[in-house]
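Down below is the structure, laid out as structure tokens.
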Ligand SMILES: [Zn+2]
């Protein structure tokens with residue numbers, strides 16, 4: 001992570017680079033992040049700057065072999081400890097659960113967006129119905145890693161993301177490491193709720209406080225990263241109420257896992273394929289009620305976007321498959337059917353909340369959606 005990629009926090013960034021330049025990096029430090037802030041990117045910047053072979057006055061070079069590995073989150077001497085749980089693919093006993101089992105998900109998710117909320121992380125690894133935690137399996141893993149030398153013979157870094165999710169056992173392990181520090185090993189604890197950490201841990205780490213983001217800082221960042229115009233960026237920033245992660249999510253929305261489900265649903269509706277729609281309804285109804293509600297919320301947002309883009313002719317920046325979908329589909333959402341779509345989805349939510357059989361709810365909603373898609377198509381053709 002380059003220093004220049006992180007908005008604001010100038011004072012904190014200067015402190016970090018000075019500590020590293022002066023070789024005074026503490027062996028245990030805590031980034032006390034503000035909610036939805038940049039504490040993880042700051043930890044990644046510190047790590048990369050510490051390891052960079054060609055530092056550039058406070059920023060990383062971005063080109064040396066350490067930088068290349070850090071930028072792709074593949075540096076063998078950088079370890080991350082994350083709140084996790086078991087999912088459909090990772091089925092191990094709690095005592096064997098450790099973050100490396102999710103290292104690919106971590107790389108994929110964070111290289112796309114380091115401004116990730118804990119909830120988005122849970123969604124990325126499909127544990128959103130559970131709580132993530134840092135536990136016994138992680139202690140074991142940490143012990144065996146510490147017993148080895150660093151791969152490249154230089155510094156090594158352990159980043160404990162959302163450190164307040166650690167259990168007692170891992171906490172004790174941390175304490176022991178803080179008391180008997182390993183040479184050239186830096187522990188970076190990152191937490192948006194540091195008050196939940198054990199006081200004994202807090203007392204042994206050097207603390208760095210992230211500053212709150214102003215609307216202007218968030219807007220500036222969105223304009224640069226998503227090429228938004230000033231008005232739109234200010235609107236998003238204002239709605240995010242200082243939460244940078246929420247603003248980034250809103251601006252990108254690329255990570256919406258439901259877009260594909262929605263797209264398939266609309267394609268089947270367009271083809272009037274009742275057989276496929278039946279299968280789709282079965283699949284949707286196998287989700288928990290909460291998950292079905294998440295899909296409905298997401299679908300409502302997509303419809304709103306389509307309507308604004310197609311009918312109201314408002315430009316929303318996006319790229320790739322997502323852009324293709326909106327370009328192709330938004331003409332079908334217009335004044336003739338947008339209200340109808342919102343109604344059937346809200347009705348579905350209403351029935352699902354009241355324990356009506358979700359299979360019936362979704363099949364019924366699908367049949368209505370066939371009618372609505374074609375109503376929209378007709379309106380576009382005749383306009
Ligand atoms: Zn470098």
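The values are calculated or read from the model by the stated rules, or taken from the named source; none is laboratory data. Just so we're clear, the structure is a prediction, and the values are computed from it rather than from any experiment. Don't worry about glycine lacking a Cβ; one is built from the backbone with ideal geometry, like all the others, and counts go over all protein chains shown.
From the list 239, 204, 156, exactly one residue is in contact with a strand residue (DSSP E or B) (Cβ under 9 Å, 6 or more places away or on another chain) and more than 18 Å from residue 45 (Cβ to Cβ). Which is it?
Numbers: 239 fails: in contact with a strand residue (DSSP E or B) (Cβ under 9 Å, 6 or more places away or on another chain); 156 fails: more than 18 Å from residue 45 (Cβ to Cβ).
None of the other options fit; the residue is 204.
Hey, does the stretch 168-175 have a residue that's buried (at least 16 other Cβ atoms within 10 Å of the Cβ) and either more than 26 Å from residue 199 (Cα to Cα) or under 22 Å from the mean Cα position of the chain (by Cα) (or both)?
No: the stretch 168-175 contains no residue that is buried (at least 16 other Cβ atoms within 10 Å of the Cβ) and either more than 26 Å from residue 199 (Cα to Cα) or under 22 Å from the mean Cα position of the chain (by Cα) (or both).
Conditions first: (1) surrounded by 20 or more Cβ atoms within 10 Å (Cβ to Cβ); (2) farther than 30 Å from residue 225 by Cβ; (3) modelled with pLDDT under 90. Residue 290 passes all but one, so which condition is the exception?
If we test residue 290 against (1) surrounded by 20 or more Cβ atoms within 10 Å (Cβ to Cβ); (2) farther than 30 Å from residue 225 by Cβ; (3) modelled with pLDDT under 90, just (1) comes out false.
Yes/no matrix, rows are residues, columns are (1) in the same structural domain as residue 99 (by TED's automatic domain parsing); (2) closer than 20 Å to residue 83 by Cα; (3) in contact with a helix residue (DSSP H, G or I) (Cβ under 6 Å, 6 or more places away or on another chain):
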| position | (1), (2), (3) |
| --- | --- |
| 164 | yes, yes, yes |
| 169 | yes, yes, yes |
| 177 | yes, yes, no |
| 184 | yes, no, no |
| 189 | yes, yes, yes |
| 192 | yes, yes, no |
| 195 | yes, yes, no |
| 203 | yes, no, no |
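Please verify whether the stretch 336-350 includes one or more residues that are surrounded by fewer than 16 Cβ atoms within 10 Å (Cβ to Cβ), closer than 17 Å to residue 279 by Cβ and in contact (Cβ under 8 Å) with a residue 12 or more places away in the chain.
no
Collect the residues in the stretch 14-57 that are within 16 Å of the ligand (Cβ to nearest atom) and under 26 Å from residue 243 (Cα atoms), keeping them in residue-number order.
Applying the first criterion (within 16 Å of the ligand (Cβ to nearest atom)) to the stretch 14-57 yields 16-17, 20-21, 44-57.
Selection gives 16, 17, 44, 45, 46, 47, 48, 49.
Quick one: which residue in 146, 73, 68 is at positive phi and either within 16 Å of the ligand (Cβ to nearest atom) or surrounded by fewer than 19 Cβ atoms within 10 Å (Cβ to Cβ) (or both)? Break it down into steps so the answer makes sense when it comes.
Details: 146 fails: at positive phi; 68 fails: at positive phi.
After ruling out the rest, the residue left standing is 73.
Which of the numbered conditions does residue 1 fail, given that it passes all the others? Conditions: (1) in a helix (DSSP H, G or I); (2) within 16 Å of the ligand (Cβ to nearest atom); (3) in contact with a helix residue (DSSP H, G or I) (Cβ under 6 Å, 6 or more places away or on another chain); (4) modelled with pLDDT under 95.
(1)
Answer with yes or no whether residue 61 is without any contact (Cβ under 8 Å) to a residue 24 or more places away in the chain, within 14 Å of the ligand (Cβ to nearest atom) and within 24 Å of the chain's Cα centre (by Cα). If you could, list the steps in order and put the result at the bottom.
Numbers: without any contact (Cβ under 8 Å) to a residue 24 or more places away in the chain: yes; within 14 Å of the ligand (Cβ to nearest atom): yes; within 24 Å of the chain's Cα centre (by Cα): no.
So residue 61 fails the test.
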